[in-house]
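The values are calculated or read from the model by the stated rules, or taken from the named source; none is laboratory data. For clarity, every value in this text was computed on a predicted model and none was experimentally measured. As a convention, Cβ positions derive from the backbone with ideal geometry for all residues, glycine included, and neighbour counts pool all protein chains shown. Heavy atoms of the whole protein, side chains included, go into the accessibility calculation; ligands, DNA and RNA do not. Shrake-Rupley method; radii C 1.70, N 1.55, O 1.52, S 1.80 Å.
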Amino acid sequence: MQPTPSTDATVHTLIIDTDPGADDVIALLFAMAAPERLRIEALTTVAGNVPLAKTSRNARLACEWAGRPEIPVYAGAERPLRRTPIYAANIHGKEGLTGVDVHEPAGPLADGHAVDYLVRTLRAAPEKSVTLAMLGPQTNLALALEQAPDIVRGLRELVLMAGAHFNGGNITPVAEFNVFADPHAAEAVLLKSGVPITMLPLDVTHKILTSDERVARLRGLGNRAGAIVADILDAYAPQEMKHYDMPGGPVHDATVTAYLLQPSLFKGRRIHVEVDSREGMGFGQTVADWYGSLHRTPNVNWIVDGDAQGFFDLLTEHIARLP
Ligand code: RIB
Ligand code: CA
């Protein structure tokens, strides 16, 4: 069934599942600066870029920096469904937040496991009312679907930063990190959820890149959030630029926030996508049937292009609203 597509005016009741992570924190600050459009019910954290204790601390830090201490943060899965855990501290730093000093936030973790939170919240939610944004490995949702398949009833749509096709992978020649870190979870979400899914893969995130001017504009806002985002990008971007020989650094997860606020910035098409979870060179690959050669039912709105300047204008306008 075709979903009701989100528009540039949609108000989302939103849960953000995340593994902060440098770009996750930017995505979270961006989202928390738009309360009139994104009614954030909670953040749920997962192990990914760094272990769970650090992703959960960093998520609470993002709430503190955004002046949104009321948003509950529930810690979730500390390891993938089946595979050996992997991390990306080489990219995001040992603390998972390169470029800035971290501290123990004042706000505590919410009681209870993120998966239990997802199950009870989605069961209680009105039909098709909750948007779930996923910025890390999809382990929490896969576990929730395993425990309570009926929760799909409460979901409006899933918007994921995940996957790669035309761009090639970033953790292997074919796999993107969030999927590679838990391919079995990604497979379960793609095949079992039956919920409208939009994916923002490396195909689009590697086209929306920082520049000195774009980072200087963020720093020039003169507020703490602008300085934090600029410091993160100044530390995070150069290694990505060097590794991929790109003129700027990607802000992967923040494209999910921008899509929720202004989907008209992006272009893609509904296609059939599957995940390769077999051991071997294709482990974690998203097989995206862009030309429909398999004649299988499209299950993902696969985004391949975006207005980079429009993205940075929207990001900067929102970061300006924060403390
Ligand atoms: O491949 C990029 C993705 O992996 C981003 O979500 C980044 O935060 C890491 O989780
Ligand atoms: Ca992430």
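Let me spell out the model: positive unit charges on the Cβ of Lys and Arg, negative unit charges on the Cβ of Asp and Glu, origin at the Cα centre of segment 173-316. What dipole size does that give, in debye rounded to 20? Working shown, then result.
Working: 12 positive and 18 negative charges, 75 e Å.
Here the size comes out at about 360 debye.
Answer rounded, prolate or oblate for segment 176-282, using the Cα gyration tensor with square roots of eigenvalues a ≥ b ≥ c: rounded when a/c is under 1.5, else prolate when a/b is larger than b/c, else oblate. All intermediate terms of the calculation are to be shown ahead of the outcome.
Details: a/c = 2.40, a/b = 1.72, b/c = 1.40.
Prolate, since a/c reaches 1.5 and a/b exceeds b/c.
Once you sort the root eigenvalues of the Cα gyration tensor of the chain as a ≥ b ≥ c, which label holds: rounded (a/c under 1.5), prolate (a/b larger than b/c) or oblate (the other case)? Mind dumping the intermediate values first?
On the way: a/c = 1.31, a/b = 1.15, b/c = 1.14.
Rounded.
Rounding to the nearest 20 debye, state how big the charge dipole of segment 128-216 is about its Cα centre with +1 on each Lys and Arg Cβ and -1 on each Asp and Glu Cβ.
280
What whole-number distance in Å separates the alpha-carbon centres of segment 262-323 and segment 155-227?
Here the two parts' Cα centres lie 7 Å apart.
Below 8 Å between Cα atoms, with a sequence gap of 6+, how large is the relative contact order for the chain in percent?
Values: 751 pairs, mean separation 64.7, N = 323.
Relative contact order of the chain: 20 percent.
Ordered by packing density, taken as the mean number of other Cβ atoms within 10 Å over each peptide's residues, highest first, how do 222-235, 139-152 rank?
Working: 222-235: 19.4, 139-152: 21.0.
Output ranking for 222-235, 139-152: 139-152, 222-235.
Cα centroid distance between segment 1-69 and segment 95-120, in Å?
So the two Cα centres are separated by 11 Å.
Percent of accessible area on segment 1-138 owned by carbon and sulfur, 1.4 Å probe? Spell out each step's value before the answer.
Details: 2900 of 5380 Å².
That share works out to 54 percent.
Would you work out the charge dipole size for the chain about its Cα centre, treating the Cβ of every Lys and Arg as +1 and the Cβ of every Asp and Glu as -1, and quote it to the nearest 20 debye?
Working: 28 positive and 38 negative charges, 91 e Å.
Its charge dipole is roughly 440 debye.
If you take the charge dipole of segment 62-164 about its Cα centre, with +1 on Lys and Arg Cβ and -1 on Asp and Glu Cβ, which of T139, A88, G163 is farthest toward its positive end?
The residue sitting most towards the positive pole is G163.
What residue among L160, L202, L122 shows peak mean-square fluctuation when the chain is described by a Gaussian network model with Cα springs under 10 Å?
In the Gaussian network model the winner is L122.
Let me make sure I get this right: for segment 1-152, a, b and c are the square roots of the gyration tensor eigenvalues over alpha carbons, sorted descending. Under 1.5 in a/c it's rounded, otherwise prolate if a/b > b/c, else oblate. Which is it?
Here segment 1-152 falls in the oblate category.
Looking at I208, Q285, L118, which one has the Cα that reaches farthest to the positive end of the dipole of the chain (charges on Cβ: Lys, Arg +1; Asp, Glu -1)?
It is L118.
How do the peptides 174-180, 162-168, 21-27 rank, highest first, by the average count of neighbouring beta carbon atoms within 10 Å per residue? Intermediate results must be reported in sequence, preceding the final value.
Details: 174-180: 27.0, 162-168: 22.3, 21-27: 28.9.
Answer by packing, highest mean first, reads 21-27, 174-180, 162-168.
Take each uninterrupted DSSP H stretch in the chain, measure its Cα extent along the helix axis, and return the ones at 24 Å or beyond whose mean Kyte-Doolittle hydropathy is at least -1.0.
Details: long enough: 224-244 (30 Å, -0.11).
Membrane-span-like by this criterion, though nothing is claimed about a membrane: 224-244.
In the Gaussian network model of the chain, springs joining C-alpha atoms below 10 Å, which of V287, V204, V73 carries the largest mean-square fluctuation?
It is V287.
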